Amino acid sequence: MAIRNGIAALCLVLLATPVMAQIDPLDELDSLAGASVDPGAGLVFARQQVVRGDLIGAVATTERIIALHPESDDALLFHASLLCRLDDPEGARAEIAELPAGRGGDWGPVVAACGPGIRRRG
Amino acid sequence: MAQALRRGLGGAFVIAMAGLSLGGVAIGAGGVSTVGINAVVYNNVRLKSAGAPQAHVAVVRERVGLGDEVQTGGRSQLQVLLLDKTTFTVGAGARVTIDRFVYDPSRGTRSMAASVVKGAFRFMSGRPDRAGTTSIRTPIASIGVRGTIVEGVVGPAAAEIAAGESAVGPRVRVDPATASLILLRGPGARTQGRLSPGAIDVTAGGRTVSVTQPMRAVFVPAAGMAPIGPFVISQRGYDGMRALFFPLLAQRLGLNIPGERPFTPYGNGQRNERPLPPVLYGYPGGDRPGRGPGYDTPGFPGSGQGFPDFPSEPQGGQGGQGQRTMSTTPQPAGQPSNAPSPKPSPTYSPQPSPSPTRVPGKP
């Protein structure tokens, strides 16, 4: 009986081990840092974070993209949309105002989050 | 058999929880407590471990320990991801230390304290502070943070930004060495994402000011003085803060970077309403418009390469000199792999730390 108990416990520990390995916090942080190296892939990841309800995580990811790729209008606009979701429309307008006139970029998320009036530069 | 399974399950649960806790709480086996990693390193960023004789060049994904002092030069940036996914960004010209970090993932609690001697910082909580505390100290103020996004700047850049704010103006007695400007960025009361609205309490000079709305700032001009505010920060002030955290973006958008020139309070009791002169910072490669006095301009304080307080070593960061390459392997101290330029760094002559100044004509 004791042997069977021990085997059962060992099996469960072995089953739990991959789970523990997956949630090593430092590995997870490494993955997060790596996710924003490429602006396109980073934005995809940030949108996934939004879908999961992790708005703060999405802001952090987007800020890493902006830090490394300031030319990405999509990242700047997506960051502004996140500010609106966080109820900081003034911050979003201030960031939009920084963008050069005649800018391109994906305005969909920012208009959806902030309203169509956001296109009028603050 | 059912009993055995229950026993086995209980044992596995305890082991799993122990693994989680040991992985999460900032307690290290070798006496060094890892609190996070460097997620973004740009330009001149160094880390000085507690007890180490000198700082070393920071690299991406390097582990950050409790008590490590972050030192950044002009136009530099470090983003640290802490174990609970809190983001702590350090902007230009900063000295910042994470003094305390205790994270219990099983309870979802985190307690953290950081001190900012000078420069720009930005704190973004990884999760709502259900329990525990977060506090940030500057030389003259303490900031109590409640699950929020907050940023601030200490030193001449703070004095420069605040002087342009109508709520502060140029007539306030300011100590440019320690002046502290703190800005709440959110979340606001109607935030999405099941987050708590952000709030900060700024204490200085025996008085505490609470800030509960995004884009509201508080300014502490000098030691012993009460906070001024909260006030809505201007577009120019916001741009200045942003330029300190995103130097490459500042170059792209042509934003003025506060604190790059010695701060002088506007005299004669008059407010300088003139807009700041345009500052054109060229991309080092010269492949972007707006080339002007920039990284390579000797004698331009804070122009990116000068480290006011560090011994002369190769400068670098994540791609330094505008080359944004990603280094993923931590390097031993003193052997930076990310120092791209063999050029000697222009010397930055730091301004002597002035005593609080008073504008002539004012009591």
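Data overview
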quantity: Residue match in region B:193-206 (condition: under 22 Å from the mean Cα position of the chain (by Cα), more than 14 Å from chain A (Cβ to nearest Cβ), farther than 20 Å from B:Met124 by Cβ and in a loop (DSSP other than H, G, I, E, B)); calculated: no
quantity: Some residue of region A:97-107 being crowded, with 22+ Cβ neighbours inside 10 Å and more than 10 Å from chain B (Cβ to nearest Cβ); calculated: no
quantity: Sole residue being surrounded by 24 or more Cβ atoms within 10 Å (Cβ to Cβ), out of contact with any strand residue (DSSP E or B) (no Cβ under 9 Å at 6 or more places or on another chain) and more than 9 Å from chain B (Cβ to nearest Cβ), chosen from A:Ala35, A:Ala75; calculated: A:Ala75
quantity: Of all residues making up region B:185-207, the number that are closer than 24 Å to B:Ala223 by Cβ and buried (at least 24 other Cβ atoms within 10 Å of the Cβ); calculated: 3
quantity: Candidates A:Ile7, A:Ile3, filtered to the one that is within 9 Å of chain B (Cβ to nearest Cβ), farther than 24 Å from B:Asp84 by Cβ, modelled with pLDDT under 90 and in a helix (DSSP H, G or I); calculated: A:Ile7
quantity: Breaking point among (1) in a strand (DSSP E or B); (2) within 13 Å of another protein chain (Cβ to nearest Cβ), for B:Val102; calculated: (2)
quantity: Which numbered condition B:Val60 misses (of (1) in a strand (DSSP E or B); (2) among the hydrophobic types (A, V, I, L, M, F, W, C); (3) under 25 Å from A:Thr62 (Cβ atoms); (4) in contact (Cβ under 8 Å) with a residue 40 or more places away in the chain); calculated: (1)
quantity: Check on B:Val117, within 30 Å of B:Glu260 (Cα to Cα) and buried (at least 22 other Cβ atoms within 10 Å of the Cβ); calculated: no
quantity: Long-range neighbours under 9 Å by Cβ, at least six apart or interchain, first residue at positive phi and within 10 Å of chain B (Cβ to nearest Cβ) within region A:51-62, second open to solvent by 10 Å² or more (accessible area, probe 1.4 Å) and of a type outside the set (Val, Ile, Thr); calculated: A:Gly53/B:Gln192; A:Gly53/B:Gly193; A:Gly53/B:Arg194
quantity: Filter pass, B:Val153 being in contact (Cβ under 8 Å) with a residue 12 or more places away in the chain, crowded, with 24+ Cβ neighbours inside 10 Å and not basic (Lys, Arg); calculated: yes
quantity: Any hit, region B:77-91, residues being more than 13 Å from chain A (Cβ to nearest Cβ) and either open to solvent by 10 Å² or more (accessible area, probe 1.4 Å) or more than 15 Å from B:Ala113 (Cβ to Cβ) (or both); calculated: no
quantity: Some residue of region B:172-184 being among the β-branched types (Val, Ile, Thr), within 16 Å of the chain's Cα centre (by Cα) and crowded, with 24+ Cβ neighbours inside 10 Å; calculated: yes
quantity: Qualifying residue in region B:211-220 (condition: in a loop (DSSP other than H, G, I, E, B), more than 21 Å from B:Gln79 (Cα to Cα) and of a type in the set (S, T, N, Q)); calculated: yes
quantity: Every residue from region B:63-76 that is buried (at least 24 other Cβ atoms within 10 Å of the Cβ) and in a loop (DSSP other than H, G, I, E, B); calculated: B:Asp68, B:Gly73, B:Gly74, B:Arg75, B:Ser76
quantity: Selected residue (criterion: nearest to B:Gln251 (Cα to Cα)) from residues of region B:36-62 that are within 16 Å of the chain's Cα centre (by Cα), more than 10 Å from chain A (Cβ to nearest Cβ) and buried (at least 24 other Cβ atoms within 10 Å of the Cβ); calculated: B:Asn43
quantity: Cβ pairs under 7 Å, 6+ apart, first in region A:82-101 and closer than 24 Å to B:Leu195 by Cα, second crowded, with 22+ Cβ neighbours inside 10 Å and of a type in the set (S, T, N, Q); calculated: A:Leu82/A:Thr62
quantity: Test: residue in region B:112-127 that is under 25 Å from A:Ser31 (Cβ atoms), more than 14 Å from chain A (Cβ to nearest Cβ), touching a Lys or Arg at 6+ places or on another chain (Cβ under 7 Å) and part of a strand (DSSP E or B); calculated: yes
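A quick yes/no check of all residues on (1) touching a Gly at 6+ places or on another chain (Cβ under 9 Å); (2) within 7 Å of chain B (Cβ to nearest Cβ):
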| residue | (1), (2) |
| --- | --- |
| A:Pro25 | yes, yes |
| A:Val44 | no, no |
| A:Ile66 | no, yes |
| A:Pro70 | no, yes |
| A:Asp88 | yes, yes |
| A:Arg93 | yes, no |
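The values are calculated or read from the model by the stated rules, or taken from the named source; none is laboratory data. In this text, all values refer to a predicted model and were calculated from it rather than measured experimentally. Cβ: placed from backbone, ideal geometry, glycine included. Neighbour counts: every protein chain shown. Please note that ligands, DNA and RNA were not included when accessible areas were found on the heavy atoms of the full protein model with its side chains. Shrake-Rupley method; radii C 1.70, N 1.55, O 1.52, S 1.80 Å.
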